[in-house]
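What follows is one structure encoded as structure tokens, with my remarks underneath.
The values are calculated or read from the model by the stated rules, or taken from the named source; none is laboratory data. Only a predicted model underlies this, so the values are computations on that prediction, with no experimental measurement involved. For neighbour counting, all protein chains shown are included, and Cβ atoms are generated from backbone atoms with ideal geometry for every residue, glycine included. Keep in mind that these areas ignore ligands, DNA and RNA; they rest on the heavy atoms of the full protein, side chains included. Shrake-Rupley method; radii C 1.70, N 1.55, O 1.52, S 1.80 Å.
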Amino acid sequence: MMSQNFNHPLSTLSASEIEDAVSVLKNSNKEHENSSFSYISLEEPDKKLLKEKSNIDRFVKIVGVDQKSNGFEAEINLSKKELLKEEKISNKAGPTYTLAEIFKAIELTMDDENYQKALEKRGIKDLSLIQIDPWPGGGFVNKNIKNGNRALKAISFLKDSEKDNAYARPIQGLIAHIDLTENKVVEVEDHGVVEVPKAHARYDKDGQESLRENPKEIAITQPEGVGFSVEDNLISWEGWQLRASIDPIEGLALHQVSLNDRPIFYRAGLSDMVVPYGSSDPMHWWKAVHDGTEYGFGTMTNSLTLGCDCLGEIYYLDAHKLAFDGSVETIENAICIHEEDFGVQWKHNDSTQMGYNEVRRSRRLVVSSFATIGNYDYGIFWYLYLDGTIQLEIKLTGVVGISAFHEDIHKPGQDFKISPELASPIHQHLFNVRIDWDLDDGDNQLYETNVEPLPINNANPEGTQFQAVSSHLTKESEAQRNIAPEKSRSWKIVNPKKLNKVGLPTAYKILYGNTPTLLSNPDSPPGKRAAFAKHNIWATPFQNEERSGGGRHTVMHSGEGGLEEITAKDRNISECDLVTWLTFGVTHLPRPEDWPVMPVEYCGVHLIPVGFFDQNPTINLPPSCSSKSKSNK
Ligand SMILES: [Cu+2]
């Protein structure tokens, strides 16, 4: 158990630290007895200070909404047990919704007469099986919501039993608008009755007609023990060192990632994400939720189950969070750490030496977590490899957005039939990951490389030649770039002061596969609110308070504080404490196979050493083969 004293300035917050912080806040300001809380987060110490000394005071931030529905942010010195400052947050760009607000929206909707009448029109009288899903009220704010008030929109589904999957039976056409500040439903939009779909679509085992036979068990065992060690939240493995934590907004965050005592990056986390919908369906066209800043992605982190979520020899880290009512909730097994075999690392079969075969196996360290935000589940998986590669993979699963299908409402290309009665709208999931680089312990530069064919001329008479062209991106405006697979475009983080054996600066490459950018019009509310998603890469000189791609507080906001504003000064980034903001994701065209629950879809980015090492860093791997493997011979 963690004691009240933290082990390291980047140790995760303990339950007792959260309790202390809440009592400091409530003792300093009695009004907070009735506040509801969005989250508590560790105010990470200045990294320069952290490099110099480890005895640093501990600071936290508590964010929430007071009884009058005004947002607040309080900074507390935990070491001195004192409230440093408290600020009101403008509700024009307000703090993350609290669970109390979500419950309130559900209750107000349930009790609303117009809502009940609209249900009656659909033949629904029993409210006990209605599921109401509140969605953020920003972006397209209902005309009856007063300027500066907090709001939610609610859509509904009908279950037929406790265990039913409500999403199979959407109540089409009905949207309730809730003013959280005024405590009332201000409008029930009704776009007309469409029959509630009849078919059920459960995804639990009891909901299936039959189950296939149990597949033969795959047991991952490590009879000699695992190859990694964990102390507090510090993880060590094969030369890698890093800390892992759950940030209430970003979810799984990595800190101080180094390899063989050479720093690579100081911090990486999901700065924001957005899920914009592209359908004209009245139930969906306005949706563009920022799951990080609007709902608190990290606060929705799952407790993982051994052998199901994580297979093999697992080390778990717990996380503690501040619940809306001021109590502490522990998320057991929030972060899963384990090793995975990853096929062949390198191989050569030398045909000149009678097929003499050298082969080494690859493995990776996996640090992962899952968060569920409404109907969707997102896995954040960081992989560290023996060859210096770092991979971030996001896994998307859960239940897609749905409507009761109607041929007058739904359009091919925008709405996809996923069952005879259901249509699912086209949409995107766009993630923005902020990486604060510290490559080889110094200031860094950013380069873009494109591979281009050379013109036919005397030097290239047959037109066979092509070349890589690298350019140094020296200003924020130059570093707002998109992928170009036809040019094998990539970006490189460089430490100009550290040279490798061939005399070139050490570097890491940012490599994407296929990934989209935002498809909403740039002048539309989602285009402005999620401007970070317009480019696959942005770069800025480090500023501690610049942490969120969409803006620090995005509830009801119209785009304040996001990357477009952050980079508006067009600062110099030619050689600095460099931060990159990487946007990637998927454009989701739902298919029948996504129903009733979506098989995992993957997206992400690779960070690959380029001249960071002088040769293949896995050349010294011993040629050991697994003694436990069996074959038919
Ligand atoms: Cu999707």
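Ile426 falls short on exactly one of the conditions (1) closer than 20 Å to Val586 by Cα; (2) open to solvent by less than 10 Å² (accessible area, probe 1.4 Å); (3) among the aliphatic types (A, V, I, L, M), and that condition is (2).
With respect to Ile418, is the statement that it is buried (at least 24 other Cβ atoms within 10 Å of the Cβ), at pLDDT 95 or above and within 16 Å of the ligand (Cβ to nearest atom) true?
Values: buried (at least 24 other Cβ atoms within 10 Å of the Cβ): no; at pLDDT 95 or above: yes; within 16 Å of the ligand (Cβ to nearest atom): yes.
So Ile418 does not fit the description; no.
Residues of the range 173-217 that are at positive phi and among the small types (Gly, Ala, Ser): Gly173, Gly192. All of (1) more than 16 Å from the ligand (Cβ to nearest atom); (2) buried (at least 18 other Cβ atoms within 10 Å of the Cβ); (3) closer than 30 Å to Thr12 by Cα hold for Ile409 with one exception: (3).
Annotation note: of Cys576, Cys625, the sole residue that is farther than 30 Å from Asn91 by Cβ, at pLDDT 95 or above and either buried (at least 17 other Cβ atoms within 10 Å of the Cβ) or more than 16 Å from the ligand (Cβ to nearest atom) (or both) is Cys576.
From Pro516, Pro505, Pro496, which residue is open to solvent by 10 Å² or more (accessible area, probe 1.4 Å) and farther than 21 Å from Asp438 by Cα?
Working: Pro505 fails: farther than 21 Å from Asp438 by Cα; Pro496 fails: farther than 21 Å from Asp438 by Cα.
That would be Pro516, the only listed residue that is open to solvent by 10 Å² or more (accessible area, probe 1.4 Å) and farther than 21 Å from Asp438 by Cα.
Evaluation of Val451 against the conditions (1) in a strand (DSSP E or B); (2) more than 16 Å from the ligand (Cβ to nearest atom); (3) open to solvent by less than 10 Å² (accessible area, probe 1.4 Å) shows that the sole unmet condition is (3).
Could you pull out the residue among Leu563, Leu518, Leu582 that is within 16 Å of the ligand (Cβ to nearest atom), within 24 Å of Thr449 (Cα to Cα) and within 17 Å of the chain's Cα centre (by Cα)?
On the way: Leu563 fails: within 16 Å of the ligand (Cβ to nearest atom); Leu582 fails: within 16 Å of the ligand (Cβ to nearest atom).
After ruling out the rest, the residue left standing is Leu518.
The residues of the range 29-44 that are within 18 Å of Asn544 (Cβ to Cβ) and open to solvent by 20 Å² or more (accessible area, probe 1.4 Å), listed by number, are Leu42, Glu43, Glu44. Condition check: crowded, with 23+ Cβ neighbours inside 10 Å, away from the ligand (no atom under 16 Å from the Cβ), under 30 Å from Arg529 (Cα atoms) and aliphatic (A, V, I, L, M). Does Leu384 satisfy that? Criteria not met by Leu384. Looking across the range 596-613 at every residue that is more than 12 Å from the ligand (Cβ to nearest atom), open to solvent by less than 40 Å² (accessible area, probe 1.4 Å) and of a type outside the set (Val, Ile, Thr), the one that is farthest from the chain's Cα centre (by Cα) is identified as Gly611.
Listed here are the residues, each with its yes/no results for (1) of a type in the set (A, V, I, L, M); (2) modelled with pLDDT of 95 or more; (3) assigned to a strand (DSSP E or B); (4) open to solvent by less than 50 Å² (accessible area, probe 1.4 Å).
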{"site": "Phe6", "(1), (2), (3), (4)": "no, no, no, no"}
{"site": "Lys68", "(1), (2), (3), (4)": "no, no, no, no"}
{"site": "Lys80", "(1), (2), (3), (4)": "no, yes, no, no"}
{"site": "Lys85", "(1), (2), (3), (4)": "no, yes, yes, no"}
{"site": "Tyr97", "(1), (2), (3), (4)": "no, yes, no, yes"}
{"site": "Glu101", "(1), (2), (3), (4)": "no, yes, no, yes"}
{"site": "Tyr115", "(1), (2), (3), (4)": "no, yes, no, yes"}
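Using the structure shown, decide if Lys395 is open to solvent by 20 Å² or more (accessible area, probe 1.4 Å), away from the ligand (no atom under 16 Å from the Cβ), under 30 Å from Tyr167 (Cα atoms) and at pLDDT 95 or above. Explain how you work it out, then say what you get.
Numbers: open to solvent by 20 Å² or more (accessible area, probe 1.4 Å): yes; away from the ligand (no atom under 16 Å from the Cβ): no; under 30 Å from Tyr167 (Cα atoms): yes; at pLDDT 95 or above: yes.
So Lys395 fails the test.
Residue pairs whose Cβ atoms lie under 6 Å apart, sitting 6 or more positions apart in sequence or on different chains, and linking a residue in the range 183-206 that is more than 23 Å from Asp111 (Cα to Cα) and touching a residue at least 60 places away in the same chain (Cβ under 8 Å) to a partner that is assigned to a loop (DSSP other than H, G, I, E, B) and of a type in the set (A, V, I, L, M, F, W, C), are Tyr203/Val597. Of all residues in the range 127-149, exactly one satisfies the criterion of being of a type in the set (Phe, Trp, Tyr) and assigned to a loop (DSSP other than H, G, I, E, B), namely Phe140.
Mind checking whether some residue in the range 532-544 is within 16 Å of the ligand (Cβ to nearest atom), over 22 Å from Ile380 (Cβ atoms), surrounded by fewer than 23 Cβ atoms within 10 Å (Cβ to Cβ) and touching a residue at least 24 places away in the same chain (Cβ under 8 Å)? No, there is no match, as no residue in the range 532-544 is within 16 Å of the ligand (Cβ to nearest atom), over 22 Å from Ile380 (Cβ atoms), surrounded by fewer than 23 Cβ atoms within 10 Å (Cβ to Cβ) and touching a residue at least 24 places away in the same chain (Cβ under 8 Å). Restricting the first member to the range 348-365 and to residues that are within 22 Å of Pro617 (Cα to Cα) and small (Gly, Ala, Ser), and the second to residues that are part of a strand (DSSP E or B) and open to solvent by 50 Å² or more (accessible area, probe 1.4 Å), the beta-carbon pairs closer than 6 Å and six or more apart or on different chains are Ser362/Phe342.
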